[in-house]
Structure formats: C-alpha cells, structure tokens
Amino acid sequence: MMQPRSLCLLLCAAIVLLVGCSKMPFKTSREIPASGDRVGDYSVSDSEATRKRLAVQDRLSLASQRLRSGDLVAAEREARAALKADPDSVDGHTLMAVINGERGELAESGVHYKRAAELAPEQG
C-alpha cells in the first residue's frame, strides 16, 4: 500500500502534467490553409551521377549476396556489370578478385586486387 506522502506526490505530478498539456498550442482545422492555398511547387530528383552511383552499388550488393550464397556465376555477372558502369570501382575490383580467388583463378584475382590497390592505395 502506498504511503500518504507518496500518494500526494504522485497526485501533484499528475495534476502538473495535465495542466501543462492543456496549455500546449495545437492547430485546429480552422488554422490549416485550404487545399487551394499553395505555398509553391518544387521537385526533387537525383543527378545522373547519383543514379549511376546507386546503380553500381545495387549491382555490387547483388554480386555480394550471390557470392555469399555460393552462386559464383551470378556474382561474377553482377560484378562485371558494375565494373562496366564504373570501371574505377574499388569495390567492384575487390569483389571480382574474391570471386576469381574462389574459383582458383589466382592470376586474374591478383589483377583485380592490384587494380583496387592502385585506385585506393590508402585502403590497403
């Protein structure tokens, strides 16, 4: 059972909250402008470079998923498509190196690792 002092504090806190909430300003339907009152038109769209970058990221993501599932043919197809769109993709070359390494094609794997290192020496 609650002590009288705790009950009193709880009651006071509830009253303060209720009074505070009743003073908050809320917009009523009378304050909202009619649908015919337009502030202005605007449009948002990605640049061509952004669309290209996102397409390459999508391809690399698919390639990575296919690689994890063991489908090396599909992984290579997606990675090559990404590299066709962006020949300087560090992630694309790294992914191709891993795919080739999984197949035992070590010379080709080395070519892709080397190209990735040339493109981003700070990443190792």
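The values are calculated or read from the model by the stated rules, or taken from the named source; none is laboratory data. Computed from a predicted model, the values in this text were never measured in an experiment. Quick reminder, even Gly has a Cβ in these numbers, built from the backbone with ideal geometry, and neighbours come from all protein chains shown. What goes into the accessible areas is simple: the full protein's heavy atoms, side chains included, and nothing from ligands, DNA or RNA. Shrake-Rupley method; radii C 1.70, N 1.55, O 1.52, S 1.80 Å.
Looking only at residues that are in a loop (DSSP other than H, G, I, E, B) and not aliphatic (A, V, I, L, M) in the stretch 81-124, which one is modelled with the lowest pLDDT? So the residue we want is G124. The condition of being of a type in the set (S, T, N, Q) and more than 22 Å from E118 (Cα to Cα) holds for only one of Q65, Q57, that being Q65.
For (1) open to solvent by 40 Å² or more (accessible area, probe 1.4 Å); (2) in contact with an Asp or Glu (Cβ under 9 Å, 6 or more places away or on another chain), each residue gets a yes or a no:
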residue: R53; (1), (2): yes, yes
residue: V56; (1), (2): no, yes
residue: R77; (1), (2): yes, no
residue: D86; (1), (2): yes, no
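Within the stretch 107-124, residues that are free of Cβ contacts under 8 Å to residues at least 24 places away in the same chain have Cβ atoms under 6 Å from residues that are of a type in the set (G, A, S) in these pairs: S109/A97; S109/G101; H112/A97; Y113/A97, counting only partners at least 6 apart in sequence or on another chain.
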